[in-house]
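Shown next, in structure tokens, is the structure this report addresses.
The values are calculated or read from the model by the stated rules, or taken from the named source; none is laboratory data. Note that the structure is a prediction, hence the values are computed from the model and not measured. Note that each Cβ is placed from the backbone with ideal geometry, even for glycine, and that neighbours are counted across all protein chains shown. Calculation scope for accessible area: heavy atoms of the full protein, side chains included, ligands and nucleic acids excluded. Shrake-Rupley method; radii C 1.70, N 1.55, O 1.52, S 1.80 Å.
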Amino acid sequence: MSERLQTGDTAPAFTLPDADGNEISLADHAGRKVIVYFYPAALTPGCTKQACDFTDNLELLTGAGYDVIGVSPDKPEKLAKFRDKEDLKVTLVGDPSKETLTAYGAFGEKKLYGKTVTGVIRSTVIVDEQGKVERALYNVKATGHVAKLIKDLGI
């Protein structure tokens, strides 16, 4: 089981390929707040709903000083298909090795339909302008999460 991040922790650095194969780093967003959200798989119903919610609210979030990065274990080709099919505007990056997912505490044991399985734990980590964890939310729901996040952040 990977360690969950706590408020005040330094957010683990990462550089991962986006849907076009370009390298995206957390360091690229220094000086801005970043919402890093972790989801199990592109092109699945819950993950599609969540990505669409982030896309629908992206202007509001960026206007409030937040960049949004979605991380899944998918390869760039699948992310591109997901982005194009759903017209997503959020930055999607792939972590097939699951190193970043594990570093953020977003990969490990979870309950799925009453069974304990190992996989991606739907999570959201808010990183402040200095690269510190402002909030770390685990086992979030795909539906309604973005609206709750906006409310909790006071946007």
Heavy-atom accessible area ranking, 1.4 Å probe, most first, across 109, 129: 109, 129
When each of 75/115; 115/148; 81/141; 111/141; 49/78; 33/151 is checked by Cα-Cα distance, pairs over 19 Å: 75/115; 115/148; 81/141
Within-9-Å neighbourhood charge of residue 129 [Cβ basis; K, R +1; D, E -1]: +2
Amide N proximity, region 113-137 versus residue 13 label position 7 Å along Cα-to-Cβ, cut-off under 14 Å: 131-132
Whole-Hz ³J(HN,Hα) from phi, Karplus 6.51 cos²θ - 1.76 cosθ + 1.60, for region 30-39, glycine and proline x: 3, x, 10, 7, 10, 9, 9, 10, 10, 9
Accessible area per residue, Å², the chain with all protein chains present, probe 1.4 Å: 49 Å²
Unit charges on C-beta of K, R, D, E only; dipole of the chain, Debye: 700 debye
Antiparallel bridge percentage (DSSP; both residues within region 1-138; nearest 5): 70 percent
Sulfur and carbon atoms: percent of accessible area, region 42-155 [1.4 Å]: 51 percent
Sequence-distant residues sharing a close amide H with residue 19 (under 5 Å, placed H): 92
